[in-house]
1. When region 1-34 is examined, which residues are found to be under 21 Å from residue 98 (Cα atoms), more than 27 Å from the chain's Cα centre (by Cα) and surrounded by 11 or more Cβ atoms within 10 Å (Cβ to Cβ)?
2. Count, please, the residues in region 69-89 that happen to be closer than 18 Å to residue 39 by Cβ and over 24 Å from the mean Cα position of the chain (by Cα).
3. Every residue in region 233-270 that is touching a strand residue (DSSP E or B) at 6+ places or on another chain (Cβ under 7 Å), part of a helix (DSSP H, G or I) and over 20 Å from residue 292 (Cβ atoms), please.
4. On the basis of being in a loop (DSSP other than H, G, I, E, B), farther than 24 Å from residue 300 by Cβ and in contact (Cβ under 8 Å) with a residue 24 or more places away in the chain, does residue 38 make the cut?
5. Taking region 79-101 on its own, how many of its residues are in a helix (DSSP H, G or I) and more than 12 Å from residue 57 (Cα to Cα)?
6. Residue check: is residue 50 more than 24 Å from residue 300 (Cα to Cα), in contact (Cβ under 8 Å) with a residue 40 or more places away in the chain, touching a helix residue (DSSP H, G or I) at 6+ places or on another chain (Cβ under 6 Å) and crowded, with 19+ Cβ neighbours inside 10 Å?
7. Taking the conditions exactly as written (assigned to a loop (DSSP other than H, G, I, E, B) and touching a strand residue (DSSP E or B) at 6+ places or on another chain (Cβ under 9 Å)), does residue 151 satisfy them or not?
8. So in region 214-232, with the set limited to residues that are part of a loop (DSSP other than H, G, I, E, B) and under 13 Å from residue 204 (Cβ atoms), which one is modelled with the lowest pLDDT?
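The values are calculated or read from the model by the stated rules, or taken from the named source; none is laboratory data. Note that the structure is predicted; figures quoted are calculated from it, not measured. Here the Cβ positions follow ideal geometry from the backbone for every residue, glycine too, while neighbour counts run over all protein chains shown.
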């Protein structure tokens, strides 16, 4: 095998690597590739490129997330023709050596499984690094009419529109995100919740909330849904469904079910469901069991300290 050399990222590497990598295999892989870039101290990132005879054949990066500061993200990709030669593991070893003492020493990584692509190479690489699974996230399409439409006239519960810029909604989204990411502790703030999940540039279009009684009577929000522009024309709308973490799963289960039922009364929707979202995940499992929910991708998140 020809000698493999390692060097920092430089301008033009993205185009050169695209030629040997090919198109990304999932939206998550596309997003991860954008982190292959020149080194930075704020935010922290270190990137190395593997070359054979001055041709880039792989790259790896470790980078910090201010939202999830406990671990550094790790992303490594090697050209198919150069895999199983130890290049990826050497990239990780060298990247670890570049992490300064003021940064976390633990790493996390992810890979996505889609129909027809079991991502065996990525799974095997993570296993070889000693990474263990800490979370599973699914992209799921729910079929219209899979659940009976809820009846809000037999109790005090009310459904209402809420502006995506509402402080009440933003705080609820922040609390829900932090509560469902204890597996990778989050520091979501009101500002980051608005910027990352609710601003116009995110594609957020509208929000619905389900209260236990009218707001004028001191009603609390039990469940919420935020809809986003679909990824492509005629595709199901992307929807973020969550609940008020101040209530127990038992207290919000019916509200989440009714919110989802209303969303899919006439049209399909696409949800991203983490295993830590127990109420929604259980509902999706039940619908999948009767072929009313289709999992279109599954992302496995792994960590070195799991």
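1. Residues satisfying the conditions are 4, 5, 6, 7, 8, 10.
2. Residues in region 69-89 being closer than 18 Å to residue 39 by Cβ and over 24 Å from the mean Cα position of the chain (by Cα): 0 in total.
3. The answer is 252, and nothing else.
4. yes
5. 8
6. Criteria met by residue 50.
7. Answer is no for this residue.
8. Among those that are part of a loop (DSSP other than H, G, I, E, B) and under 13 Å from residue 204 (Cβ atoms), it is 230.
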